[in-house]
Amino acid sequence: WYWQKEKREPYVKFMEANYPPGFSYEDFGPLFTAEFFDPNQWADILKASGAKYVVLTSKHHEGFTLWGSKYSWNWNAVDEGPKRDLVAELATSVRNRTDLHFGLYHSLFEWFNPLFLEDATNVFKTRKFPTSKSLPELYEIVTKYQPEIIWSDGDGNAPDTYWNSTGFLAWLYNDSPVRDTVVTNDRWGAGSICTHGGFYTCSDRYNPGHLLPHKWENCMTIDKRSWGYRRDAQLDDYLTIEDLVKQLVETVSCGGNLLMNIGPTHDGRIAVIFEERLRQVGAWLKVNGEAIYGTKPWRVQNDTVTPEVWYTFSPKDGKVNAIFLSWPVSGTLELGEPQAKLGETQVKLVGYKELLKWVALDEKGIVIALPQLTPRQLPCQWGWTLQLTGIN
């Protein structure tokens, strides 16, 4: 898009400098080889990340499908490049080796598809593209791979009536093989984003910092600048584990899910920096998962007195979780929101055996004495959870 449509100078120059004259986008097809793609290894990394679901980009805006779609003749991963059904391989590994829900991203429109461009020229009064390409593909991936998340994207500024999104969704929720388990997002035509859908995405990298009245998802990238793999990325371009824990905690406390994007390589690898970040998040969740999984937003999301403290609520056992992202130098943590009651309230540092001492402040608020621990004794790094029971 930047190279061929917008003709942005850095992209045009990059192609001129690194590829032969006359090289077209289609010439990338055979270069996408996936020879090191090991779906079992991917599944193991995904499981280690502590994620509960995974969404694979089955087709992006350029129309290349990662399965042998009969509606994308000679422009798919089975006919071209890897000569493998990458969707099937990953679906099988994820289902055999993990408890993750398997989802698929699918772009409705395609930047340069002549049928779509013709419909757009006709101000979407004709519907050649959705009827011959986009919708048949959607029915195909649902029937063939039974994904439990359909992550739709790329409305091409066309209304949902052009895409017949409601017709597809009615089938999906009433008659499809995943009708009882599937969830969908909100990108089904111009004007539907953040308005209709099982969960709202609102925009890329959406993190409002306050509670939303509807389930939502923060869909963001570990590489700050890209959704794909960049050979020229610098270390600075990647979010640190501290950044990621912060994103996760803020998102969940405000009622959202986090969808963290990684860009694999053309030869099928998850780059080690992405693997490390995923495993670090998993290590953090191993300790603090109770404050994340199955939680609901509390009556406030972040603390009024101490910044960088975010709350979640565990409805099962009535615990309030206060997640703090920096360990106070003083050894005491003051929270302005919880109302503690003598003889009833208990405070526990997740991953540490003994109960913590605390004193209540006036109307509301509590000061908690944190244990004096050496770095080796800390239950985890990057953020810690206090579980409060018996709180008003």
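Filter region 340-351 down to residues that are surrounded by fewer than 17 Cβ atoms within 10 Å (Cβ to Cβ), modelled with pLDDT of 95 or more and assigned to a loop (DSSP other than H, G, I, E, B), then give me how many there are. Give the derivation first.
Just the residues of region 340-351 that are surrounded by fewer than 17 Cβ atoms within 10 Å (Cβ to Cβ), to begin with: 341-344, 346, 348, 351.
After this cut, where a residue has to be modelled with pLDDT of 95 or more as well, the list is 346, 348, 351.
Subset that is assigned to a loop (DSSP other than H, G, I, E, B): 351.
Residues flagged as surrounded by fewer than 17 Cβ atoms within 10 Å (Cβ to Cβ), modelled with pLDDT of 95 or more and assigned to a loop (DSSP other than H, G, I, E, B) within region 340-351 amount to 1.
Take region 352-361 and flag every residue that is open to solvent by 60 Å² or more (accessible area, probe 1.4 Å) and in a strand (DSSP E or B).
Narrowing region 352-361 to residues open to solvent by 60 Å² or more (accessible area, probe 1.4 Å): 353-355, 357, 359, 361.
Selection gives Leu355, Val359.
Taking the condition among the charged types (D, E, K, R), touching a residue at least 24 places away in the same chain (Cβ under 8 Å) and either closer than 26 Å to Gln4 by Cβ or surrounded by 20 or more Cβ atoms within 10 Å (Cβ to Cβ) (or both), does Glu80 pass?
Values: among the charged types (D, E, K, R): yes; touching a residue at least 24 places away in the same chain (Cβ under 8 Å): yes; either closer than 26 Å to Gln4 by Cβ or surrounded by 20 or more Cβ atoms within 10 Å (Cβ to Cβ) (or both): yes.
Answer is yes for this residue.
I'd like to verify a number: residues in region 245-264 that are open to solvent by less than 10 Å² (accessible area, probe 1.4 Å) and either aliphatic (A, V, I, L, M) or in contact (Cβ under 8 Å) with a residue 60 or more places away in the chain (or both), how many? Walk me through it before giving the result.
Just the residues of region 245-264 that are open to solvent by less than 10 Å² (accessible area, probe 1.4 Å), to begin with: 245, 249, 251, 253-254, 256, 263.
Filter once more, keeping what is either aliphatic (A, V, I, L, M) or in contact (Cβ under 8 Å) with a residue 60 or more places away in the chain (or both): 245, 249, 253.
So the count comes out to 3.
Give the residue that is most open to solvent (accessible area, probe 1.4 Å), with candidates limited to residues of region 221-244 that are in contact with a Phe, Trp or Tyr (Cβ under 8 Å, 6 or more places away or on another chain) and touching a residue at least 40 places away in the same chain (Cβ under 8 Å).
Ranking the candidates gives Glu242 first.
Out of the residues in region 64-77 meeting the condition of being touching a residue at least 60 places away in the same chain (Cβ under 8 Å) and assigned to a loop (DSSP other than H, G, I, E, B), tell me which one is most open to solvent (accessible area, probe 1.4 Å).
Residues of region 64-77 that are touching a residue at least 60 places away in the same chain (Cβ under 8 Å), as a first pass: 65, 67, 69-72.
Those still in the list that are assigned to a loop (DSSP other than H, G, I, E, B) too: 67, 69-72.
Details: Trp67: 0, Ser69: 4, Lys70: 152, Tyr71: 83, Ser72: 6 Å².
The extreme case among them is Lys70.
So for region 47-60 (the condition being out of contact with any His (no Cβ under 7 Å at 6 or more places or on another chain) and open to solvent by 80 Å² or more (accessible area, probe 1.4 Å)), does at least one residue qualify?
Within region 47-60, one or more residues are out of contact with any His (no Cβ under 7 Å at 6 or more places or on another chain) and open to solvent by 80 Å² or more (accessible area, probe 1.4 Å).
Among the residues in region 96-115, are any at pLDDT 95 or above, closer than 30 Å to Gln280 by Cα, part of a strand (DSSP E or B) and open to solvent by 60 Å² or more (accessible area, probe 1.4 Å)? Lay out the reasoning, then the answer.
Here is the first cut: in region 96-115, the residues at pLDDT 95 or above are 96-115.
Pick out the ones that are also closer than 30 Å to Gln280 by Cα and you get 96-106.
Applying the additional criterion that residues be part of a strand (DSSP E or B) yields 101-106.
Now drop any that are not open to solvent by 60 Å² or more (accessible area, probe 1.4 Å), which leaves 101.
Yes, that holds for at least one residue.
How about region 362-392: which of its residues are open to solvent by less than 90 Å² (accessible area, probe 1.4 Å), over 22 Å from Thr312 (Cβ atoms) and over 35 Å from the mean Cα position of the chain (by Cα)?
Answer for region 362-392, where residues must be open to solvent by less than 90 Å² (accessible area, probe 1.4 Å), over 22 Å from Thr312 (Cβ atoms) and over 35 Å from the mean Cα position of the chain (by Cα): just Ala369.
Looking at Ser93, Ser58 in this structure, which one is assigned to a strand (DSSP E or B), touching a helix residue (DSSP H, G or I) at 6+ places or on another chain (Cβ under 9 Å) and at pLDDT 95 or above?
Values: Ser93 fails: assigned to a strand (DSSP E or B).
Checking each option against the conditions leaves just Ser58.
The values are calculated or read from the model by the stated rules, or taken from the named source; none is laboratory data. Just so you know, these numbers come straight off a predicted model, no measurement behind them. Neighbour counts are summed over all protein chains in view; Cβ atoms, including those assigned to glycine, are modelled from backbone coordinates with ideal geometry. Protein only, heavy atoms only, side chains kept; ligands, DNA and RNA dropped before computing areas. Shrake-Rupley method; radii C 1.70, N 1.55, O 1.52, S 1.80 Å.
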